[in-house]
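The values are calculated or read from the model by the stated rules, or taken from the named source; none is laboratory data. No experiment lies behind these values; they were computed from the predicted model shown. Don't worry about glycine lacking a Cβ; one is built from the backbone with ideal geometry, like all the others, and counts go over all protein chains shown.
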Amino acid sequence: MPHPQPSERTQTSYEVRFDWGIEGLRSTAPGAGVIVIVDVLSPDHGRWVADASPFGVPVVAADLRNYSAAARWVLAHQQQLGRRANVAVIAAGERRGDGTLRPAVEDQLAAGALVGALAGLGIDACSPEAAVVAASFDAMRRAVGHLLTACVSARELAAVDRLDDVAIAAQLDVSDVVPVMRDGVFRAE
């Protein structure tokens, strides 16, 4: 059976889309009005600038600490446009030693929190992929702190004495700061 062409994998019929990494960005962002990069434990949002900029739409950074603020930013952007704008939610994930994507549980949970917050604001025509990550956050919300300290990324940080970063990253919905890409760099709004 032939592999689907990229245009067949874009989730274009959905208002809220979800995918992983650079490859997911390339297949999910075309036609989106906003791109949200979700990166919890390695917030190197700068690595996404070159890949997200060509789409010509706002790029927002979200995590567990600011997911409601990011959702409100998306709603305000839609209101400013005077129309709905599709949202591509891209979980950063991590890279294995061979360069392949390692989906990261912390980014999945944060993406799910964001998708749920968007749905709570009426931005809720979700792709199945987006619906699944939202359901995973809903189901695991009470265990997020434990999951973050036990996940692979946290164990890597613990090995270099950075477990405090994990505790900070696990704080749910405590920030109203939304990094938005302006002139090729993320700036807090």
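Points to keep in mind about this one:
- Given (1) buried (at least 18 other Cβ atoms within 10 Å of the Cβ); (2) out of contact with any Ser or Thr (no Cβ under 9 Å at 6 or more places or on another chain), index of the condition Ala117 fails: (2)
- Test: residue in the range 146-159 that is over 16 Å from Asp107 (Cβ atoms) and either among the aliphatic types (A, V, I, L, M) or buried (at least 20 other Cβ atoms within 10 Å of the Cβ) (or both): yes
- Residue check, Ala131 modelled with pLDDT of 90 or more, within 16 Å of Ala113 (Cβ to Cβ) and not polar (S, T, N, Q): yes
- There is at least one residue in the range 82-95 that is over 14 Å from the mean Cα position of the chain (by Cα), free of Cβ contacts under 8 Å to residues at least 40 places away in the same chain, under 24 Å from Ile168 (Cα atoms) and surrounded by fewer than 24 Cβ atoms within 10 Å (Cβ to Cβ).
- For Leu64, the stated conditions hold: it is in contact (Cβ under 8 Å) with a residue 60 or more places away in the chain, surrounded by 23 or more Cβ atoms within 10 Å (Cβ to Cβ), touching a helix residue (DSSP H, G or I) at 6+ places or on another chain (Cβ under 6 Å) and assigned to a loop (DSSP other than H, G, I, E, B).
- Within the range 19-41, residues that are part of a strand (DSSP E or B) reach partners that are charged (D, E, K, R) and modelled with pLDDT of 90 or more with beta carbons closer than 6 Å, at six or more positions or on different chains, in the pairs Val38/Asp107.
- Each residue in the range 50-71 was checked for being aromatic (Phe, Trp, Tyr) and modelled with pLDDT under 95, and 1 pass.
- Single condition Ser175 does not satisfy, out of (1) part of a helix (DSSP H, G or I); (2) out of contact with any strand residue (DSSP E or B) (no Cβ under 7 Å at 6 or more places or on another chain); (3) surrounded by 14 or more Cβ atoms within 10 Å (Cβ to Cβ); (4) among the small types (Gly, Ala, Ser): (1)
- Cβ pairs under 7 Å, 6+ apart, first in the range 169-187 and at positive phi, second aliphatic (A, V, I, L, M): Gly184/Val49
- Residue within the range 122-138 that is in contact (Cβ under 8 Å) with a residue 60 or more places away in the chain, part of a helix (DSSP H, G or I), under 21 Å from Val59 (Cβ atoms) and of a type in the set (Val, Ile, Thr) present: yes
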